[in-house]
Amino acid sequence: MRIYTVYESSDLMSTVIPIKEGFNWIAFTFSLLWAIYNRLWVWAVFIVAANVCLVWFLYLSRGDLAVQMTAFIGLALIIGWMSNDVKRKNLTKRGFKETAILLADGKKTAVARHAIIATDRNVNKLQNRAGGPW
């Protein structure tokens, strides 16, 4: 079971987006493509700039292959750990609201559990202290 943070839009067509907590292997492996796919343009520019700066620094310091591989794997690890947080921040800027934090096996299960929680929440709003909608 994984922990998911569920975000929901507040427009007419309610969109639910679950984001897994923790490390993102796809962003670790294909960082620039992941950022472009998720429309994180500033993050994509940051990834390119960080790689260019790292190449320039390693060229000036004349690091051997082991140093270069360690540096690029370290950068990829940082990107992998930060990527889901950047995605959450982007959703918040776009007007999405965090509606739930829950355990699920996958994204589909997280959306299904969120739907159950949301319907229970709406049913409970209709009830008053006496137990009825009056």
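The values are calculated or read from the model by the stated rules, or taken from the named source; none is laboratory data. No experiment lies behind these values; they were computed from the predicted model shown. Quick reminder, even Gly has a Cβ in these numbers, built from the backbone with ideal geometry, and neighbours come from all protein chains shown. All accessible areas refer to the heavy atoms of the entire protein, side chains included, with ligands and DNA or RNA removed. Shrake-Rupley method; radii C 1.70, N 1.55, O 1.52, S 1.80 Å.
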> So, of the residues in the range 15-31 that are in contact with a strand residue (DSSP E or B) (Cβ under 6 Å, 6 or more places away or on another chain) and of a type outside the set (A, V, I, L, M), which turns out to be most open to solvent (accessible area, probe 1.4 Å)?
Replying inline: 21
>> Go through (1) modelled with pLDDT of 90 or more; (2) within 16 Å of residue 4 (Cβ to Cβ); (3) surrounded by 13 or more Cβ atoms within 10 Å (Cβ to Cβ) for residue 90 and report which single condition fails.
In response: (2)
>> So, in the range 1-32, exactly how many residues are over 16 Å from residue 76 (Cβ atoms) and aromatic (Phe, Trp, Tyr)?
In response: 2
>> Being part of a helix (DSSP H, G or I), at pLDDT 95 or above and out of contact with any helix residue (DSSP H, G or I) (no Cβ under 8 Å at 6 or more places or on another chain): is that true of residue 33 here?
In response: yes
> Does any residue of the range 56-74 turn out to be within 19 Å of residue 7 (Cα to Cα) and either in contact with an Asp or Glu (Cβ under 8 Å, 6 or more places away or on another chain) or in a loop (DSSP other than H, G, I, E, B) (or both)?
Replying inline: no
> Among the candidates 76, 44, which residue alone is within 19 Å of residue 25 (Cα to Cα), touching a Phe, Trp or Tyr at 6+ places or on another chain (Cβ under 7 Å) and at pLDDT 95 or above?
Replying inline: 76
> If the Cβ limit is 7 Å and pairs must be 6+ apart or interchain, which residue in the range 81-96 that is closer than 16 Å to residue 27 by Cα pairs with which residue that is among the acidic types (Asp, Glu)?
Replying inline: 84/21
